[in-house]
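Here the structure is laid out as structure tokens; the discussion comes afterwards.
The values are calculated or read from the model by the stated rules, or taken from the named source; none is laboratory data. Since this is a predicted model, take the numbers as computed values, not measurements. Reconstructed Cβ throughout: ideal geometry from the backbone, glycine too, with neighbour counts over all protein chains shown.
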Amino acid sequence: MRVADPLGEPASTPAPADPAAEAARIAPATQVVVGRLEALAETAGGEAATILITTAAMAGDPALVSQAEQLVTGEHLPAARAIYQAAEGFATMLAAAGGYMAERVRDIRDVRDRIVAELLGVEPPGVPELASPSVLVARDLAPADTAGLDPSKVLALVTEEGGPTSHTAILARALGIPAVVAVKGLLDFEAEALAVDGDTGVIELADPSAPVVAAAATGPIMWNGVGETADGHRVKVLGNVGSATDAQAAADAGAEGVGLFRTEFCYLDAPTEPTVAEQRAAYTAVLAPFRGKPVIVRTLDAGADKPLAFLSPEAEPNPALGVRGLRVAFDRPEIVDRQLEAIAGAAEDSGAEVSVMAPMVATPEEAAWFAERARAAGIARAGVMIEIPAAALAAREILDVVDFVSIGTNDLAQYTFAADRQLGAVAKLNDPWQPALLRLIALVGEAAKATGKPAGVCGEAAADPRLALVLAGLGLTSLSMNAAAVRAVGASLAATTRADCEKFAAAALATADPIAARSAVG
Ligand code: PEP
Ligand code: MG
């Protein structure tokens, strides 16, 4: 089933006969859209609910409504055209901000089209009602559309655009819908029926008369909540969180703790640095479900794809290679010191067993610099992320100066392959099964064994139940992932012995490409 492309631009004529009455139609139309998105959020839950609530807030933004009203009363535009133009103004601002903000352009345009459809009295764009289970084919899907998909009706999702770490891909994964993104030429292709393998990314023509089947038959996944292999080798199964909602979802899914709390997600819209007291309260709310359990709080990872207004560096020619992550703190250590103070306070308030780690660390010297500050703030355990190839190559020396490391495979892949993780055109290179990436991870596993210190994985790689076996076999001691993947990864480990994990790891390492690496694990 093909998902319709967005609505076109509404006409700027005829001018309304009664501009005041025309302007008065805008606010109620936005409220209808807000109501629909909030209703969807109620049935969605978890990360999907958070995204739908954010999208609903965009639809109800009073600034959007008042700008559109002014365009009707001042320039005599029809209401649909006015909302279109006002939303475009916001989209241009977000696109100019770049990185993570630019990703929201898709969301604001989705909101715009929903309001325009409401004002014109036509069907909203996006996913059609599906009478029977179908494969959805789309140019790209808005996060709000993806979050609202019914996994019992959508057998698979295939898109021409988007990257593997885009919201669409992450949400489809969270819903358990096989998804293949960045399929060039997809929309030029006519097919009556398709067979889609979300693991390998292979799409084939299928016989339209054959019975429709979903290969990954779903049922409740049985897991006892203890991360260990079939023969009792411990590999902790932890949650990735960025908000109190995520933390609750991770706890509900049975996560043994948190392996990555992305603190910057609390401040993406903050115009100024939050005070220590504000930070302490925000972190305490996220840590609350994990009283007595281990939580790794990551200090602000600002810059490149996640700019924070109060930490923006000077304009840089290559922001992904610029002053981002921990580098922001070298010139302004007081920012990280205030954050560490807030984290220490939140640890006390929540009763969680808190460790801290720094993002984007390149050398043992940087790691030591951070660990010293964390300890001075009274935080017992300090670690760093391994997401720059240089850090993987120096894992042994880094582990000598910190208490643990955690591998961010999303950025480690991006920097290893020189391939922007947001870009559909280079998505193949950012495949976490790439043997070259696995070899860097293996170095970190060896360093962990040699030093007897923990080393986890908290990038998307950890959310793949079969790749989790390889990571365990490479010597990683914890895996951290979105809430939806927790049980599947826990169950996968529980069904496999340590010796088999090691066998899979050796077999995957010895391959030359991701497809061979996947089949090596069977
Ligand atoms: C990573 O890079 O893999 C990671 C976990 O950090 P983020 O996705 O927040 O950059
Ligand atoms: Mg990262």
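Exactly one residue out of Ala462, Ala491 is within 11 Å of ligand 1 (Cβ to nearest atom) and small (Gly, Ala, Ser): that is Ala462. Among helices (runs of 4 or more DSSP H) entirely within the range 438-522, having at least 2 residues that are farther than 19 Å from His233 by Cα and either of a type in the set (Lys, Arg) or free of Cβ contacts under 8 Å to residues at least 24 places away in the same chain (or both) singles out 514-520. Restricting attention to the range 406-422, the residues being of a type outside the set (S, T, N, Q), under 17 Å from Ala395 (Cα atoms) and more than 9 Å from ligand 1 (Cβ to nearest atom) number 1.
Checked against (1) modelled with pLDDT under 80; (2) under 24 Å from the mean Cα position of the chain (by Cα); (3) among the β-branched types (Val, Ile, Thr), Val213 passes all but condition (2).
Checked against the criterion of being over 27 Å from Asp420 (Cβ atoms) and not aliphatic (A, V, I, L, M), the candidates Arg373, Arg327 yield just one match: Arg373. Has the range 359-371 got any residue that is hydroxyl-bearing (Ser, Thr, Tyr), out of contact with any Cys (no Cβ under 8 Å at 6 or more places or on another chain) and in contact (Cβ under 8 Å) with a residue 12 or more places away in the chain? Yes. Looking across the range 216-250 at every residue that is part of a helix (DSSP H, G or I) and modelled with pLDDT of 90 or more, the one that is nearest to Thr497 (Cα to Cα) is identified as Ala250. The set of residues in the range 299-310 that are in contact with a strand residue (DSSP E or B) (Cβ under 7 Å, 6 or more places away or on another chain) and not in a loop (DSSP other than H, G, I, E, B) is empty.
Does the range 433-448 include one or more residues that are within 16 Å of ligand 2 (Cβ to nearest atom), assigned by TED's automatic domain parsing to the domain that holds Lys306, out of contact with any strand residue (DSSP E or B) (no Cβ under 9 Å at 6 or more places or on another chain) and within 23 Å of Ala510 (Cβ to Cβ)? Within the range 433-448, one or more residues are within 16 Å of ligand 2 (Cβ to nearest atom), assigned by TED's automatic domain parsing to the domain that holds Lys306, out of contact with any strand residue (DSSP E or B) (no Cβ under 9 Å at 6 or more places or on another chain) and within 23 Å of Ala510 (Cβ to Cβ). Scanning the range 352-375 for residues that are touching a Leu at 6+ places or on another chain (Cβ under 8 Å) and either surrounded by fewer than 21 Cβ atoms within 10 Å (Cβ to Cβ) or not hydrophobic (A, V, I, L, M, F, W, C) (or both) turns up Pro359, Glu366, Arg373.
Remark: pairs (first residue in the range 379-396, within 12 Å of ligand 1 (Cβ to nearest atom); second residue of a type in the set (Ser, Thr, Tyr); Cβ separation under 6 Å; 6+ apart in sequence or on different chains) = Met385/Ser406; Ile388/Tyr415. Across the range 167-184, a minimum of one residue is classified as modelled with pLDDT of 75 or more, outside the structural domain of Leu40 (by TED's automatic domain parsing) and more than 22 Å from the chain's Cα centre (by Cα).
When restricted to residues that are under 28 Å from Val226 (Cα atoms) and touching a Leu at 6+ places or on another chain (Cβ under 7 Å), the range 300-346 contains 1. Among residues of the range 220-232 being touching a Ser or Thr at 6+ places or on another chain (Cβ under 8 Å), surrounded by 14 or more Cβ atoms within 10 Å (Cβ to Cβ) and of a type outside the set (A, V, I, L, M, F, W, C), the one that is nearest to Thr263 (Cα to Cα) is Gly227. Can you name every residue in the range 412-441 that is more than 23 Å from Leu321 (Cα to Cα) and crowded, with 23+ Cβ neighbours inside 10 Å? Selection gives Trp433 alone. When Phe290 is tested against (1) modelled with pLDDT of 95 or more; (2) within 20 Å of the chain's Cα centre (by Cα), exactly one condition is not met: (2). For the range 431-440, the criterion of a residue being touching a helix residue (DSSP H, G or I) at 6+ places or on another chain (Cβ under 8 Å), of a type in the set (S, T, N, Q) and within 30 Å of Gly176 (Cβ to Cβ) is satisfied by at least one position. Could you check how many residues of the range 106-153 are outside any helix (DSSP H, G or I), modelled with pLDDT of 80 or more, over 21 Å from the mean Cα position of the chain (by Cα) and aliphatic (A, V, I, L, M)? Matching residues across the range 106-153 total 4. Among the criteria (1) more than 20 Å from Val457 (Cα to Cα); (2) within 16 Å of ligand 1 (Cβ to nearest atom); (3) of a type in the set (Asp, Glu), the one Glu348 does not fulfil is (2). Candidates in the range 320-343 are the residues that are assigned to a helix (DSSP H, G or I) and within 16 Å of ligand 2 (Cβ to nearest atom); of these, the one that is surrounded by the fewest Cβ atoms within 10 Å (Cβ to Cβ) is Leu321.
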